[in-house]
Amino acid sequence: MPAAVLVGAQWGDEGKGKATDLLGGDVDYVVRYQGGNNAGHTVVIGDQKYALHLLPTGILSPEVVPVIGNGVVIDPGVLLSEIDGLAERGISAERLLISSNAHLIMPHHKALDKVTERYLGKAKIGTTGRGIGPAYGDKIARMGVRVQDLLDPGILAKKIEVALTEKNQVLTKVYNRRGIDPAAVLEEYLAYAERLKPHIADTSLVLAKALDEEKFVLLEGGQGTLLDIDHGTYPFVTSSSPTSGGACAGAGIPPNRLTKIIGILKAYTTRVGSGPFPTELTDEMGEWLRQTGGEYGVTTGRNRRCGWFDAVIARYATRINGVTDYFLTKLDVLSGLERIPVCVAYEVDGVRHDEIPMTQTDFHHAKPIYEEFPGWQEDITSAKSFDDLPPNAQAYVRTLEEMSGAPISAIGVGPGRDQTVVVRPLV
Ligand code: GDP
Ligand code: IMO
Ligand code: MG
């Protein structure tokens, strides 16, 4: 049986939470495969709003088994408070499975994330400050602490000791900060271990068996294609691989299990943090998009930078991920505009580029080449079918579909669970 990947096609915050939730009734497992609590996925069900950071969105569907895969970095304190917050609202996390191979975010990762950003000054990445980059750094340097280490207090103590012997030197001598007490960290993490133990599993094996038993597995990405460590706007990226290629490594299932790659694409573009963004609008139009679209970060509360739809990026996301279907979100936000510009290519130092330039230097200089399309004035938030959309909205969707190079199979017309026009089934 198949597995499907749901991946952000831009710089994150495309509406992955809503899209995952929509599929919750049709799938058996929802797996987060990378990132950590840098993610903020919003789901609106009736008058209830949920903001999920580490828990897979499937937690909100009672029949789904939510899984945190090996590719995720976990801040156990944050995870437990997220679980407790949902329990207060009557949602159980009892079914949650956590990969024994996932890495843990440790106190020194959070401390280092903050000091290194400060040290970079104007060149800062604008991270979420959650310790994501340093945790992945230690993973790759083979100095990380994993979830399974929580099951062996002797090993856990040793790993914390080894890590802090080095990191305390860096914190105190390079950054002039206070060192971290290994005994206190051990005590804190042993307490987390008690609560997390029942959830720890060989999730790769669980998913392989589930697939053999004809279950449907949905892999839920965090962040987005342009924030990918390899394929994004490096160094203004996150430290993991949100793209579909990263999904298999981060969930522990082989690529030949994947049958659908669903890209989530916003009807315009946003980005949080530093880095190039060719269609960014720094004028009142950008402010209008921010306010109309409610473009404020779910995790850090920062203003999201806003701009027009960038078809060069969408085409790139189609290519890098092998997108089979797009879920176009927030079309309703564009209602009321006379004309809607879409970036079709870039101009870099007098030369037209139909693809993302090869070098970051060129990408930083990219100026958008726009085509304009007629807008619509009608409120579309209660549209149920494609035919309910005004002709100009239909034409805008068809244009984006043609430019992106993959079919738009669902269209978001509002934040609610039921505010989606399904053109053809996604799974
Ligand atoms: P994610 O990180 O990709 O899950 O996206 P976020 O939750 O950070 O940001 C998306 C925001 O848009 C959330 O506030 C959603 O409730 C909202 N949203 C998602 N789809 C739609 C849509 O089709 N229309 C409108 N108006 N809002 C949407
Ligand atoms: P979701 O899953 C938007 C951005 C940060 C920063 C860069 C690196 O909600 O789409 P990090 O803390 O990961 O080292 O920060 O990545 N970033 C996101 N932007 N949505 C996200 O997640 C993001 N997660 C990280 O703003 O520019
Ligand atoms: Mg988000």
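Let's see how each residue does on (1) over 22 Å from Thr127 (Cα atoms); (2) among the polar types (S, T, N, Q); (3) within 17 Å of the chain's Cα centre (by Cα):
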| residue | (1), (2), (3) |
| --- | --- |
| Gly222 | no, no, yes |
| Thr238 | no, yes, yes |
| Gly245 | yes, no, yes |
| Ile253 | yes, no, no |
Counted residues, segment 294-352 - those being among the polar types (S, T, N, Q) and over 21 Å from the mean Cα position of the chain (by Cα): 1
Residue match in segment 376-399 (condition: at pLDDT 95 or above, within 23 Å of Val5 (Cβ to Cβ) and under 27 Å from the mean Cα position of the chain (by Cα)): yes
Residue list for segment 378-399, filter: away from ligand 1 (no atom under 14 Å from the Cβ) and of a type in the set (A, V, I, L, M): Ala395
When residues of segment 299-316 are limited to those that are out of contact with any Phe, Trp or Tyr (no Cβ under 9 Å at 6 or more places or on another chain) and either crowded, with 17+ Cβ neighbours inside 10 Å or among the acidic types (Asp, Glu) (or both), the one nearest to Ser382 (Cα to Cα): Ala311
Cβ-Cβ under 7 Å pairs, at least 6 apart or on other chains, segment 294-308 side assigned by TED's automatic domain parsing to the domain that holds Asn37 and of a type in the set (Gly, Ala, Ser), far side in a loop (DSSP other than H, G, I, E, B) and more than 8 Å from ligand 1 (Cβ to nearest atom): Gly297/Val272; Gly297/Arg304; Gly307/Tyr268; Gly307/Phe277; Gly307/Thr279; Gly307/Leu281
Residues being among the hydrophobic types (A, V, I, L, M, F, W, C) and under 15 Å from Val72 (Cβ atoms) - total across segment 107-139: 2
Any hit, segment 166-173, residues being at pLDDT 95 or above, among the hydrophobic types (A, V, I, L, M, F, W, C) and either touching a Gly at 6+ places or on another chain (Cβ under 6 Å) or crowded, with 16+ Cβ neighbours inside 10 Å (or both): yes
Scope segment 135-165; condition of a type in the set (Asp, Glu) and surrounded by fewer than 16 Cβ atoms within 10 Å (Cβ to Cβ); matching residues: Asp152, Glu161
Among (1) under 22 Å from the mean Cα position of the chain (by Cα); (2) over 22 Å from Glu194 (Cβ atoms); (3) away from ligand 2 (no atom under 14 Å from the Cβ), the one test that Pro134 misses: (3)
Segment 26-40, subset over 14 Å from Ala4 (Cβ atoms) and in a loop (DSSP other than H, G, I, E, B), residue nearest to ligand 3 (Cβ to nearest atom): Gly40
Subset of segment 21-45 [away from ligand 2 (no atom under 11 Å from the Cβ), touching a residue at least 60 places away in the same chain (Cβ under 8 Å) and not aromatic (Phe, Trp, Tyr)]: Asp21, Leu22, Leu23, Asp26, Val27, Asp28, Val30, Val31, Val43, Val44, Ile45
Subset of segment 254-295 (residues that are within 16 Å of ligand 1 (Cβ to nearest atom), within 16 Å of Val7 (Cβ to Cβ) and of a type in the set (Lys, Arg)): Lys266
Cβ pairs under 6 Å, 6+ apart, first in segment 1-17 and within 8 Å of ligand 3 (Cβ to nearest atom), second part of a loop (DSSP other than H, G, I, E, B): Gly12/Gln223; Gly12/Gly224
Residue within segment 32-51 that is more than 24 Å from Arg304 (Cα to Cα) and either among the hydroxyl-bearing types (Ser, Thr, Tyr) or buried (at least 24 other Cβ atoms within 10 Å of the Cβ) (or both) present: yes
Near pairs, Cβ below 6 angstrom, 6+ apart or cross-chain, from segment 224-239 (within 19 Å of Asp362 (Cα to Cα)) to any residue that is near ligand 2 (Cβ under 10 Å from one of its atoms) and not in a loop (DSSP other than H, G, I, E, B): Gly232/Leu226; Thr233/Leu226; Val237/Leu227
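The values are calculated or read from the model by the stated rules, or taken from the named source; none is laboratory data. It should be emphasised that the depicted structure is a prediction, and the values quoted were computed from it without experimental measurement. Note that each Cβ is placed from the backbone with ideal geometry, even for glycine, and that neighbours are counted across all protein chains shown.
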